[in-house]
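Coordinate-derived values only; no laboratory data. Nothing here was measured: the structure is a model prediction, and the numbers come from that model. Glycine also receives a Cβ, built like all others from the backbone with ideal geometry; neighbour counts cover every protein chain displayed.
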Amino acid sequence: MEFGKKTFPIEQVKEMDIVGYLSKLGYAPTKIRNVDHWYLSPLREERTPSFKVNTKLNRWYDHGLGKGGNLIDFGILYHRCTVGEFLHKVAADVSFHRPELHEPKKTIAEPKITILQDFIISSFPLVQYLGQRKIPLEIAWQYCREVRYGLNGKIYYGIGFKNDAGGYEIRNQYFKASSSPKGITTFNNGAKEVSAFEGFTDFLSFQAMHQNQPKKDTDFLILNSVSFFEKARSFLEEHEEIKLYLDRDATGQNYSRYALSLSKKYKDESKLYTGHKDLNEWLINLGNNTKKNIKQKL
């Protein structure tokens, strides 16, 4: 179709660049994290950015509305018009045409991790690593495995934490990765309360902190990535109380604030480790801080 026509084919408009279109409307991202561009929602009033555009997929999602899609899905909501009316609107300006329509970018597949074997944690470097993270070995044995995995033709080992989809989060002193498929990890004890963590080392830290206390009837959820928060909501919101132990960086705190705006069920517990990135960092420094206080008193 020639650019002088009044409309473009619907499939062509669907693939036009959403970030470019938002820029034309006067919206700039408040933060950019890899392929994700975060905005204050153009579709409603808000103070915390919860409107995301994934530039790799060229798709948007408004976490507050629970809606998302392509440029047409956005346009009919933003302009409150029909599909046909929106096609006429975009025909007036073709400058945000995606270059990928003419010259597709080649995607390079990330190296794939293959789990070869899993068994009880026993390698000295991994036991030492757990000690450095102040996580008792008996707690790690309860929730984790030592995994042997293949990557780029070589074999490595690490602490593996399994998710509900069957993949592993893998950690050692020098490496942080995950095997496919990625997903959340849940421990459903039939409780009315659930505690949610961003990563499994924070979950293990929580278990270490309560190791010698009476067991409380609680469910647990580990996101393994904050990007799974929306998918995790169905499990979380089955409970009467939801305690959040997310990181105290910008991303973690944004998700905590977003959760608090959703329901009074959510409680932000991260104030416990104010001044530290996460619960595990706070646990690691807990003994050091105690020693400092004792020296100061002396």
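Based on Cα contacts under 8 Å between residues 6+ apart, segment 10-101 shows a relative contact order of 27 percent. Residue exposure proxy: Glu241, Glu11, Glu169, Glu193, ordered by other Cβ atoms within 10 angstrom of their Cβ from fewest to most, comes out as Glu11, Glu241, Glu193, Glu169. In this structure, the amide hydrogen of Asp164, modeled 1.01 Å from its nitrogen in the peptide plane, lies closer than 5 angstrom to those of Ile184, Thr185, Thr186, counting only residues at least 5 positions away or on a different chain. Considering only Ile121, Val90, Ser41, the residue lying farthest towards the positive end of the dipole of the chain is Ile121, judged by Cα position with unit charges set on Cβ. Mind checking which of Tyr273, Leu65, Tyr27 is farthest towards the positive end of the chain's charge dipole, using Cβ charges of +1 (Lys, Arg) and -1 (Asp, Glu) about the Cα centre? Sorting the options by dipole projection puts first Tyr273.
The length gained by stretching the chain between Gln132 and Ser225 to full extension, at 0.36 nm per residue less their Cα-Cα distance, is 31.2 nm.
Among Phe200, Phe229, Asn212, which residue has its Cα positioned farthest towards the positive end of the charge dipole of segment 186-239, with +1 placed on the Cβ of Lys and Arg, -1 on the Cβ of Asp and Glu, and the dipole taken about the Cα centre? Positive-most Cα among the choices belongs to Asn212.
Among DSSP bridges having both ends in the chain, what percentage is antiparallel? Round to the nearest 5. Walk me through the numbers before you get to the answer.
Details: 36 of 48 bridges.
Around 75 percent antiparallel, to the nearest 5.
Rounded to the nearest 20 debye, the dipole magnitude of segment 143-192 is 60 debye, with +1 charges on Lys and Arg beta carbons, -1 on Asp and Glu beta carbons, and the Cα centre as origin. Taking 0.36 nm per residue of separation and subtracting the Cα-Cα distance, full extension of the segment from Arg257 to Ser234 would add 6.5 nm. Per-residue Karplus couplings for segment 235-250, computed as 6.51 cos²θ - 1.76 cosθ + 1.60 with θ equal to phi - 60°, are listed in order as 6, 4, 7, 6, 9, 7, 9, 10, 9, 9, 10, 8, 4, 9, 8, 4 Hz, Gly and Pro entered as x. Of the residues Val127, Val226, Val13, the one with the fewest other Cβ atoms within 10 Å heads the list, and the complete ranking is Val127, Val226, Val13. Backbone geometry of segment 162-178 corresponds, through the Karplus equation with coefficients 6.51, -1.76 and 1.60 at θ = phi - 60°, to 3J(HN,Hα) couplings of 7, 9, 5, 8, x, x, 10, 8, 10, 9, 8, 4, 10, 9, 9, 7, 8 Hz, x marking Gly and Pro.
Quick one: grab the alpha carbon gyration tensor of segment 184-292, order the square roots of its eigenvalues as a ≥ b ≥ c, and give me rounded if a/c is under 1.5, else prolate or oblate depending on whether a/b is larger than b/c. Oblate. Would you mind classifying segment 132-188 by shape? Square roots of the alpha carbon gyration tensor eigenvalues, ordered a ≥ b ≥ c; an a/c under 1.5 is rounded, otherwise it is prolate if a/b is larger than b/c and oblate if not. Here segment 132-188 falls in the oblate category. The ranking of Asp118, Asp247 from fewest to most other beta carbons within 10 Å of each one's beta carbon is Asp118, Asp247.
For segment 109-182, the dipole from Cβ point charges (+1 on Lys and Arg, -1 on Asp and Glu) about the Cα centre works out to 180 debye, to the nearest 20.
Suppose every K and R has +1 on its Cβ and every D and E has -1 on its Cβ; what is the size of the dipole of segment 141-298 about the Cα centre, in Debye to the nearest 20?
600 debye
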